[in-house]
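Scroll down for the structure; my scribbles are underneath it.
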Amino acid sequence: MHKDIKNSCVNDFDPSALDEITAIKQILKSIKPIKRIETINIMNALGRIVSKNIKSSINIPSFRNSAMDGYALNIKNLKKNKYILKEQGISLAGKSYDKELKDSEVIRVMTGAVIPNNADAVIMKEMVDIKGNMVSFPSFIQKNQNIRNIGEDIKKGDVVIKKGRRINYVDLGILSSLGIEKIDVIKKPVISFFSTGDELISTNKKLKKGLIYDSNRYLLFGLLSELPVHIKDMGVVKDNEKILIKKLRECAKVSDIVITTGGVSVGDADYIKSALKKVGKVDFWKIAIKPGRPLAYGKINNTLFFGLPGNPVSAAVTFQIFIIPAIKKISQMIASSKLIIKARVKSSLSKKQGRVEYKRGLLEQNDGVNVVNTTGL
């Protein structure tokens, strides 16, 4: 038996392989978050990470207004006037009626319009009868119904967006409603990536026997594009240790994280691990999971390094398990819990001892019940 077979990636059980939880903890413990901050216009803030708590400097609403089209009144006046009041004016959104209500008066109001200071209810227009300028009201009316009070949505001084939150379209609406034009965000981490392998060719070249198109770079580009990062595509690198060393040093100088795919197994032409040892350090390179056991993690000076497997499925799985938490940590992004959906498995499942296995599946609903089938791969 070859001396490398015992703990190689062909074995079902490798006692030297880290479990994924330990691996993630080691990765996160080794990461120092980015402290670089920039100020940007909120129109450019979608997907960015907030660097500090954002507080409101005003109340929302900043004035009492109507929650619907109807009539603003003082309930006491109704009782005095047998539930019939005289329409005295109209308050429009942006053009308010500024007088107070008198004993026999009511005013018509539009949604969002200012209501008089002494009005304590708004009755929707569908609930009244109108004859000329006289308005008849129902007898049962509750105080403050259909009124949006000052600070009801957001109070002055409230934290509206927490540090570490990734800005979404709702946040943009909130920020603009508060009159906030610019915010401070964490600068995007720079992530460079490249594929390794003599067998890889670009998609614009003719496929020859023994060669395959490089799909992993496009896979990584797609995965990274969904995250708040600055992407550097460094192309394809041949299976040559000297060339890999040069490329790793080049990437590390301009990147917070370097990602490679391929070259991390135990084959004769797998040079990533040895190249990494010469330019930095290897923390670990085997994880007790399937797919994705041959994963290398380490550092080149202060730059994080992830060597993902060359198999596209393994690369995608390990990216989501290990790299996404790392990007969140380095970006100071608030960690979110995973969405768990309970489903009935219709396929037979099996696994090997000593590792966690991830299965690809197709989720559907049958009569309101979640059902999942494995893809068979």
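When TYR218, TYR213, TYR271 are screened for being more than 27 Å from ILE31 (Cα to Cα) and either touching a Lys or Arg at 6+ places or on another chain (Cβ under 6 Å) or of a type outside the set (Lys, Arg) (or both), only TYR213 passes. Looking at the range 179-188, which of its residues are in contact with a strand residue (DSSP E or B) (Cβ under 6 Å, 6 or more places away or on another chain) and either of a type in the set (D, E, K, R) or surrounded by fewer than 20 Cβ atoms within 10 Å (Cβ to Cβ) (or both)? Those that are in contact with a strand residue (DSSP E or B) (Cβ under 6 Å, 6 or more places away or on another chain) and either of a type in the set (D, E, K, R) or surrounded by fewer than 20 Cβ atoms within 10 Å (Cβ to Cβ) (or both): LYS182, ASP184, LYS187, LYS188. Residues that are outside any helix (DSSP H, G or I) and either touching a residue at least 24 places away in the same chain (Cβ under 8 Å) or over 23 Å from LYS187 (Cβ atoms) (or both) do occur in the range 310-324. Kindly indicate whether any position in the range 32-48 is over 21 Å from the mean Cα position of the chain (by Cα) and open to solvent by less than 70 Å² (accessible area, probe 1.4 Å). So far as the range 32-48 goes, no, none of its residues is over 21 Å from the mean Cα position of the chain (by Cα) and open to solvent by less than 70 Å² (accessible area, probe 1.4 Å). Would you check which residues across the range 87-99 are surrounded by fewer than 15 Cβ atoms within 10 Å (Cβ to Cβ) and among the charged types (D, E, K, R) and list them? Listed by number, the residues that qualify are LYS95, ASP98, LYS99.
Of the residues making up the range 100-115, those that are of a type outside the set (S, T, N, Q), open to solvent by 20 Å² or more (accessible area, probe 1.4 Å) and under 43 Å from the mean Cα position of the chain (by Cα) are MET110, GLY112, VAL114. May I ask you to list the residues in the range 87-112 that are free of Cβ contacts under 8 Å to residues at least 40 places away in the same chain, among the aliphatic types (A, V, I, L, M) and part of a strand (DSSP E or B)? ILE90, LEU92, VAL106, ILE107, listed by residue number. So for the range 230-253 (the condition being in contact (Cβ under 8 Å) with a residue 60 or more places away in the chain and crowded, with 17+ Cβ neighbours inside 10 Å), does at least one residue qualify? No, the conditions are met nowhere in the range 230-253.
State whether the residues of the range 135-157 include one that is surrounded by fewer than 21 Cβ atoms within 10 Å (Cβ to Cβ), touching a helix residue (DSSP H, G or I) at 6+ places or on another chain (Cβ under 9 Å) and part of a strand (DSSP E or B). So far as the range 135-157 goes, yes, one or more of its residues are surrounded by fewer than 21 Cβ atoms within 10 Å (Cβ to Cβ), touching a helix residue (DSSP H, G or I) at 6+ places or on another chain (Cβ under 9 Å) and part of a strand (DSSP E or B).
Picking from residues in the range 116-132 that are under 18 Å from GLU100 (Cα atoms) and touching an Asp or Glu at 6+ places or on another chain (Cβ under 8 Å), the one that is surrounded by the most Cβ atoms within 10 Å (Cβ to Cβ) is PRO116.
Conditions (1) aliphatic (A, V, I, L, M); (2) in contact (Cβ under 8 Å) with a residue 12 or more places away in the chain; (3) open to solvent by less than 30 Å² (accessible area, probe 1.4 Å), marked per residue:
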site: LYS162; (1), (2), (3): no, yes, no
site: ILE174; (1), (2), (3): yes, yes, no
site: SER177; (1), (2), (3): no, yes, no
site: VAL190; (1), (2), (3): yes, yes, yes
site: SER202; (1), (2), (3): no, yes, no
site: TYR213; (1), (2), (3): no, yes, no
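Would you please list the contacts, defined by Cβ atoms under 6 Å and residues six or more apart or on different chains, that run from a residue in the range 26-49 that is in contact (Cβ under 8 Å) with a residue 24 or more places away in the chain and farther than 13 Å from GLY164 by Cα to a residue that is among the aliphatic types (A, V, I, L, M) and open to solvent by 20 Å² or more (accessible area, probe 1.4 Å)? Qualifying pairs under 6 Å: ILE42/LEU172. Taking the range 27-70 as the range and being in a loop (DSSP other than H, G, I, E, B) and of a type in the set (Val, Ile, Thr) as the test, the residues that pass are ILE31, ILE34, ILE58.
The set of residues in the range 280-302 that are farther than 23 Å from GLU357 by Cβ and either in contact with a strand residue (DSSP E or B) (Cβ under 6 Å, 6 or more places away or on another chain) or open to solvent by 10 Å² or more (accessible area, probe 1.4 Å) (or both) comprises GLY280, LYS281, VAL282, ASP283, GLY298, LYS299, ASN301, ASN302.
Of everything in the range 303-337 that's open to solvent by 10 Å² or more (accessible area, probe 1.4 Å), touching a helix residue (DSSP H, G or I) at 6+ places or on another chain (Cβ under 7 Å) and of a type in the set (A, V, I, L, M), which residue is nearest to THR260 (Cα to Cα)? The residue in question is ALA316. Screening ASP98 with (1) at pLDDT 95 or above; (2) closer than 30 Å to GLY157 by Cα; (3) among the acidic types (Asp, Glu) gives one miss only, at (1).
The values are calculated or read from the model by the stated rules, or taken from the named source; none is laboratory data. Given the structure is predicted, the values throughout are model-derived calculations rather than measurements. We place every Cβ from the backbone using ideal geometry, glycine too, and count neighbours over all the protein chains shown. Side chains are part of the model used for accessible areas, which takes the heavy atoms of the whole protein and leaves out ligands, DNA and RNA. Shrake-Rupley method; radii C 1.70, N 1.55, O 1.52, S 1.80 Å.
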